[in-house]
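Encoded as structure tokens, the structure appears first; notes follow it.
The values are calculated or read from the model by the stated rules, or taken from the named source; none is laboratory data. Since we're looking at a predicted model, the values are computed, not measured. Neighbour counts are summed over all protein chains in view; Cβ atoms, including those assigned to glycine, are modelled from backbone coordinates with ideal geometry.
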């Protein structure tokens, strides 16, 4: 009987002891991993900031224009930081959204310059937008793209219909080139999203709360019911997704798995990349449209083909950023009939195809 009892203790106790040793080992490995992740996140955020483009100087010229600008971040208020994660960006995002819909009121201390040159208000809008979204993920950047579009669209009638002299048009073209070079690239948005995801995961442990619902499930038996072990797994998933996305391919291939977080990296990157390319398409049309109007001002005639703009007005003819195909161009024909186009008969337009029945257009017809 005693012998049987001893064997029973061995049969039951040995697996329990192994599980206990494995749990202790996994737990302390997770503790060390979390500590290392805190340090790595701080280093990665510092490296991200060091790589940011310097941006454009922000002045108050935008107050003289009617384009919407993120006014509430011009004076005093600082955007949320990457360390705050998505939960820390909530109020920032809501204020940015209110700005976009024109709900904010400019500070009485902000006054527009008495005299500004054409285009300065719109370029100041762009400079302010770039500064505002420097440390933003996908959702706030999507609003930033709307600010971009509004500022660029304000340039369209200014360039085409004001009869600006050639020297002023050349100045605006140079400002557009400078602003485009300072524009935050989409790769920064992907990296910022990844850093904010990691910050949110770590906040679950440090703050003992998950206000954004970042973690999809509590720890189970696979994690020995330990939050630390689960969070280490979450961080590994985020790193795996980012390593795929940083390759920059249009159709990234991810391995199938059971998701542990609500990160947008895997499912929504392509959708937000479309917003970026649509905005880039408008940038491209604005620059080409400025070159066409400048050509007309200096030569007294319409360019019949975009190739006529090279090299005096454009270094090369840019591609459509949305589909990587050629830009379309229909010259202005004074007193002539409009030509057929994807959106109906028009004349004096440069355009980029977006879909089978839609294109992004920029008017160059004289007003």
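Restricting to the stretch 221-252, what's the tally of residues that are outside any loop (DSSP other than H, G, I, E, B) and either touching a strand residue (DSSP E or B) at 6+ places or on another chain (Cβ under 8 Å) or within 20 Å of residue 138 (Cβ to Cβ) (or both)? The total comes to 13. Go through the residues of the stretch 212-220 one by one and say whether even a single one is more than 21 Å from the chain's Cα centre (by Cα), in a helix (DSSP H, G or I) and over 25 Å from residue 361 (Cα atoms). Looking for residues that are more than 21 Å from the chain's Cα centre (by Cα), in a helix (DSSP H, G or I) and over 25 Å from residue 361 (Cα atoms), one finds none in the stretch 212-220, hence no. When restricted to residues that are more than 15 Å from residue 170 (Cα to Cα) and not in a helix (DSSP H, G or I), the stretch 297-315 contains 6. For the stretch 177-185, the criterion of being surrounded by fewer than 21 Cβ atoms within 10 Å (Cβ to Cβ) and more than 20 Å from the chain's Cα centre (by Cα) is met by none of the residues.
Within the stretch 229-246, can one find any residue that is surrounded by 14 or more Cβ atoms within 10 Å (Cβ to Cβ), modelled with pLDDT under 90 and farther than 27 Å from residue 321 by Cβ? Yes, that holds for at least one residue. Could you please let me know if residue 152 is within 30 Å of residue 364 (Cα to Cα) and in contact (Cβ under 8 Å) with a residue 40 or more places away in the chain? In short, yes. Every condition in (1) in contact with a helix residue (DSSP H, G or I) (Cβ under 9 Å, 6 or more places away or on another chain); (2) at pLDDT 80 or above; (3) surrounded by 18 or more Cβ atoms within 10 Å (Cβ to Cβ) is met by residue 319 except one, and the failing one is (3).
Of all the numbered requirements in (1) touching a residue at least 12 places away in the same chain (Cβ under 8 Å); (2) within 30 Å of residue 124 (Cβ to Cβ), residue 174 misses one, and that requirement is (1). Scanning the stretch 334-352 for residues that are at pLDDT below 65, closer than 25 Å to residue 297 by Cβ and not in a strand (DSSP E or B) yields 334, 335, 336, 337, 338, 341, 347. When residue 45 is tested against (1) in a loop (DSSP other than H, G, I, E, B); (2) at pLDDT 80 or above; (3) under 20 Å from residue 187 (Cβ atoms); (4) touching a helix residue (DSSP H, G or I) at 6+ places or on another chain (Cβ under 7 Å), only condition (1) is not met.
Screening residue 280 on (1) closer than 29 Å to residue 190 by Cβ; (2) in contact with a helix residue (DSSP H, G or I) (Cβ under 8 Å, 6 or more places away or on another chain); (3) crowded, with 20+ Cβ neighbours inside 10 Å; (4) modelled with pLDDT of 90 or more shows it passes everything except condition (2).
Being farther than 30 Å from residue 203 by Cβ, part of a loop (DSSP other than H, G, I, E, B) and either in contact with a strand residue (DSSP E or B) (Cβ under 8 Å, 6 or more places away or on another chain) or modelled with pLDDT under 90 (or both) is not true of residue 359.
Considering only residues in the stretch 253-273 that are surrounded by 15 or more Cβ atoms within 10 Å (Cβ to Cβ) and within 18 Å of the chain's Cα centre (by Cα), the one that is farthest from residue 136 (Cα to Cα) turns out to be 266.
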